[in-house]
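Data first, discussion second: the structure below is written as structure tokens.
The values are calculated or read from the model by the stated rules, or taken from the named source; none is laboratory data. Worth saying up front: this structure is predicted, and the values here are computed from it rather than measured. Here the Cβ is made from the backbone with ideal geometry for all residues, glycine too, and neighbour counts use every protein chain on show. For accessibility, only protein heavy atoms count, side chains too; no ligands or nucleic acids. Shrake-Rupley method; radii C 1.70, N 1.55, O 1.52, S 1.80 Å.
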Amino acid sequence: LRVPIEATGDKSAVGAARGGRELRVLVADGNSVSRASAVRFLEHMGYRVTVAANEHDVVRSAGSERFDFVLFDVRLAMADRVLTLANLKRADGREGTVPIIGLVSESLDPEEIRALDARVSRPLSAQGIARAIERLRLDPA
């Protein structure tokens with residue numbers, strides 16, 4: 001699968017490395033084409049990417065590894081989106097500290113919007129993802 005990458009400028013503008021360490025992102029998207037695009041965009045920006053294809057896998061992965069943020073397809077939440085997002089934020093034991101960028105293609109209710117740290121609309125673009133990451137203002141660990 002080859003997905004064209006739009007120009008995003010210098011990798012350092014996004015900050016894929018902080019404090020001399022590589023930032024890690026968990027990509028959770030049920031759509032394989034969209035997931036591949038997100039992975040390619042993020043790897044091009046210099047991020048280390050782990051992939052999850054469903055709600056169960058994303059929560060399990062977030063609980064077993066530390067991620068600097070999660071790019072999460074909100075459609076993966078099978079029941080209560082707000083509860084799923086809260087569980088995801090605290091999955092690695094850092095209560096409510098794992099930032100979540102929501103991949104959205106539909107309107108969300110206000111409570112769902114508050115549960116996200118940033119949003120990026122579909123169709124995905126490298127610029128959209130980069131803007132969402134910049135809104136996170138990640139601090140080096």
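Would you work out which of Ala118, Ala132, Ser105 lies farthest towards the positive end of the dipole of region 25-134? Charges go on Cβ: Lys and Arg +1, Asp and Glu -1. Working it through, the farthest residue towards the positive pole turns out to be Ala132. Taking a point 7 Å from the Cα of Leu83 along the Cα-to-Cβ direction, the residues of region 54-77 with backbone N closer than 18 Å to it are 55-60, 74-77. Ranked by the mean number of other Cβ atoms within 10 Å per residue, highest first, peptides 108-115, 27-34 order as 27-34, 108-115.
Taking the empirical scaling 2.2 N^0.38 Å for compact globular proteins as reference, region 27-113 has a Cα radius of gyration ratio of 1.02.
The apolar share of the surface of region 19-141, taken as the fraction of accessible area on carbon and sulfur atoms (1.4 Å probe, ligands and nucleic acids excluded), comes to 48 percent.
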